[in-house]
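Asks: Pasting a structure below so you can have a look.
The values are calculated or read from the model by the stated rules, or taken from the named source; none is laboratory data. All values derive from a computational prediction rather than experimental measurement. These area figures cover heavy atoms from the full protein model, side chains too; ligands, DNA and RNA do not enter into them. Shrake-Rupley method; radii C 1.70, N 1.55, O 1.52, S 1.80 Å.
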Amino acid sequence: MKTKVTGSTIEISIEGPISEKASLFEASIQAYKEIKLNLSKVTFINSIGVKNWILWTCRIPQDATLYLEECPFVIVNQINIVQGFVPKNSFVTSFMAPFLCEKCSHEQIVKLSKDVHYFYTNDQSPYKIQIPEDMKCAKCGGTMEADFIMDKTFSFLKNS
Ligand SMILES: [Zn+2]
C-alpha cells in the first residue's frame, strides 16, 4: 500500500487481493476530507474482503468524499451488487471495462472515466452514459462492443 497526503487529501494505492489481510484496512482515514483510492492493482475481492471493506468505509468521516480510481471490473460489480459497499459521498472516477471486437473477437479492456464516458446526476442534469460507438479494435480495426450489460454496470450512477 502506498499513501500520499496533500493537505486534507489522502491518496491510497493498494495492490493484490482484498481479503482478510489487505493492508488498506489499517490505513487511518479519519482526518481527511478527500480519500482517493487507486484500485488499478487489485486482483480480486473475496467475501471476507467485502466485509472488511465495508467496515473500513464505515470509518470514513460523514463529511469526507471517497473517490475510487481505476477500479477493476470486479469492484464495479461489487459496488452495484452489495448495498453499502461505498458510502453516500463517493464517486467512481474511472473503471476498467471489457470490450469485445465484433469481427475478430479480440478482447480489450478500456478505461472509462467520469465526465468523459459517464456523468453523475447534478443540479442541472440527470446522470448520463456516453460511450463512443466507433471504438476501434487494436488488432483489426473492427468495431468494439461492450462485453457487459450497460444498464447493470452503470447502476452505481442511479444509486448515487
Ligand atoms: Zn478485431
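Asks: Heavy atoms only, probe 1.4 Å: what % of the accessible area of the stretch 10-59 goes to carbon and sulfur, would you let me know?
Replies: Accessible surface attributable to carbon and sulfur in the stretch 10-59 totals 53 percent.
Asks: Could you give the angle, 0 to 90 degrees to the nearest 10, between helix 47-57's Cα long axis and the longest principal axis of the Cα atoms of the chain?
Replies: That works out to roughly 60 degrees.
Asks: Kirkwood Rh over alpha-carbon pairs of the chain, then Stokes-Einstein at 4 °C and 1.567 mPa s: what D in µm² s⁻¹, rounded to an integer?
Replies: In µm²/s, the coefficient is 77.
Asks: For a bin width of 5 Å, list the pair-distance distribution of the stretch 97-148 built from all Cα-Cα distances, rounded to whole %.
Replies: 5, 21, 26, 18, 12, 9, 6, 3, 1
Asks: May I ask you to evaluate 6.51 cos²θ - 1.76 cosθ + 1.60, the Karplus curve with θ = phi - 60°, for each residue of the stretch 3-11 and list the ³J(HN,Hα) values in order in whole Hz, giving x for glycine and proline?
Replies: Rounded to whole hertz, the list is 10, 9, 10, 10, x, 9, 10, 10, 10.
Asks: Same structure, new question: Binned at 10 Å from 0, what are the whole-percent values of the Cα-Cα distance distribution for the stretch 1-92, short to long?
Replies: 17, 58, 25, 1
Asks: Right, next: I want the antiparallel fraction of DSSP beta bridges within the stretch 1-92, as a percent rounded to 5.
Replies: Within the stretch 1-92, antiparallel bridges account for around 25 percent of the total.
Asks: For the chain, what is the accessible area per residue in Å² when the probe is 1.4 Å?
Replies: The answer is 58 Å² per residue.
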